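These notes concern the structure reproduced below.
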Amino acid sequence: MPVLAAEELTTVAARLEDAGVRMVSGSVVDPAGVVRAKHVPARRVGAFHTAGMGASPSWNVFCVDNAIAFTPRFGVVGDLRLRADLAALRLLGDGVAWAPAEMFEQDGAPAPVCTRGLLRRTVAELAQRGLEARVGCEVEMVLTPRGGPGWNAYGLGALLDVERYVLDLLAAADRAGLPVEQIHAEYGDGQLEFSIGPTDPLTAADHVVLARLIACRVARRHDVAVSFSPLPFAGGSGNGAHQHLSLSRAGAPLFSGGDGPHGLTADGAAAIGGLIAGLPELTAVFAGSVLSPHRLQPGHWSGAYACWGRENREAAVRLCADTRGNPHGASVELKCIDPSVNPYLATAVFLGLAADGLDRGATLPPEVTVAPDALSPEDAARTATVRLPADQRSALDALEGSDLARRLVGEETLEALLAVRRYELDTYGGQDAAEVAETLRYAWSA
Ligand code: GLU
Ligand code: MG
């Protein structure tokens, strides 16, 4: 994390004072996907950055319902420091500022379990190979109680029902420098989606947290609540948290301008090959909560199959080719991600799988041009299409047995992630989906 010099800290403090900021919040996302934070009066912002605020190691094994899944590494003894990255500070208005935080040991060494630190290292490793990544994230959420008499998917009226909320949300996003690209009424009752413009991967993951913070903060003023659960209501539409990735080397894109399918370069094809090969083992990173398998189903546009296809919304990897209709250039969208997961971790593993494919020249399987659940067994085999783990236990077992996961995520994070997700499985795995959806409806809200 870039450490600011004393005079830079003075500049930040002056900026906060000018803006009337009284409180600075610094957040981390835990392995269960919950955003946790500490807050300081604005005059203490320097201490938040340099010494950090204390957090027990057990912050990494807090569960979605506030139980603690202690492990040998993560217990009650010890102290981690949450240090706010002031280079990423945003002003939210009304006296509040926010910055993402990273976890450090007391001696100042980065804590291995810190997922923002992991993403930072992953980006640096890509840079060493001459690669630059850009990531854009989509935010889906359900507003409760829903407004108006009915909700038509993508309906104009549906959005107008919540127009005031949406206008306040857009204003708050502008104020905080969150580059919203578009917003619409999604498929499910009360479901909204907005997408955030592409940027560097660390900022993109920060944007996911900022978006959630803003959406929930504005909601409180409108007496509504916002659910970021993968399954807000049993039988209803799930919330996704899709991410778009583009890669380039020395300014030349990898997913366009080549002579592979739809203009993929050889490296771009290998990156997609790596993604598809690794997804089944890493599903628990992208969709690992007890509610995730209810969303990760065929027919839900959630990418339940490891395969790829141009503009195929049922494939886990959707290729958005470089066309006039796609002004940001070609990207691959990873559709299986949902909002119950840690966005830093998900982005780091998304990049890590692509880089792994690139490094070993992974084979790009043939494209899937239909909904993958309609493939004949022969076509599924020909395109190497497999269903991603369909239940939480299989996803966790696959993760636990994966050397690739260990390499991409590290032992510490893997231990914490498995502990909190196995707790969910043991506690809620046997319950009725409607009951669990209700209990955990706001577990991932800010
Ligand atoms: N709500 C769907 C999901 O759970 C995505 C719909 C869409 O493609 O936007 O991922
Ligand atoms: Mg959507």
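What follows is calculated from the coordinates using simple rules that are stated; it is not laboratory data. As the structure is a prediction and not an experimental result, all values here were calculated from the model. Because the Cβ atoms are built from the backbone with ideal geometry, glycine has one as well, and the counts that use them run over all protein chains shown.
The table that follows gives values for the structure above.
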read-out: Kirkwood Rh in Å, taken over all unlike Cα pairs in region 344-414; value: 14.3
read-out: Segment Thr199-Asp259, extension gain: residue separation times 0.36 nm, minus the distance between their alpha carbons; value: 19.0 nm
read-out: For Ser27, distant residues with modelled amide H under 5 Å away; value: Ala99, Ala101
read-out: Projected-area average for region 43-117 over all orientations - Cα convex hull basis, square nanometres; value: 6.1
read-out: Calculated P(r) tail over 35 Å for the chain, as whole % of Cα pairs; value: 26
read-out: Residue with peak Gaussian network fluctuation, the chain [Cα springs, cutoff 10 Å], from Glu311, Glu415, Glu378; value: Glu378
read-out: Estimated vicinal HN-Hα couplings, Hz - region 230-239 in sequence order (Karplus 6.51, -1.76, 1.60; Gly, Pro = x); value: x, 9, x, 9, 4, x, x, 6, x, 9
read-out: Space enclosed by the convex hull of the alpha-carbon atoms of region 150-308, per residue, Å³; value: 144
read-out: Extension gain, Ala381 back to Ala433 (0.36 nm per residue minus Cα-Cα distance, nm); value: 15.5 nm
read-out: Under the Karplus curve 6.51 cos²θ - 1.76 cosθ + 1.60, θ = phi - 60°, whole-Hz ³J(HN,Hα) for region 157-171, x wherever Gly or Pro sits; value: x, 4, 5, 5, 4, 10, 4, 5, 4, 5, 5, 5, 5, 5, 5
read-out: Stretch gain in nm, segment Thr50-Tyr442, where the contour uses 0.36 nm per residue and the Cα spacing is subtracted; value: 137.8 nm
read-out: Estimated distance in nm for a label pair at Glu105 and Ala67, the labels positioned 7 Å out from Cα along Cα-to-Cβ; value: 3.1
read-out: Rough spin-label spacing in nm, given labels placed 7 Å along Cα→Cβ, for Asp79 and Ala5; value: 3.0
read-out: Rounded to whole Hz, the Karplus (6.51, -1.76, 1.60) HN-Hα couplings of region 371-378, x for glycine and proline; value: 5, x, 6, 8, 5, 5, x, 5
read-out: Two-site FRET efficiency, Glu17 against Glu311, from Cβ-Cβ distance with R₀ of 45 Å, rounded to 0.05; value: 0.35
read-out: Rg to Rh quotient for region 92-174, alpha carbon positions, Kirkwood Rh; value: 1.16
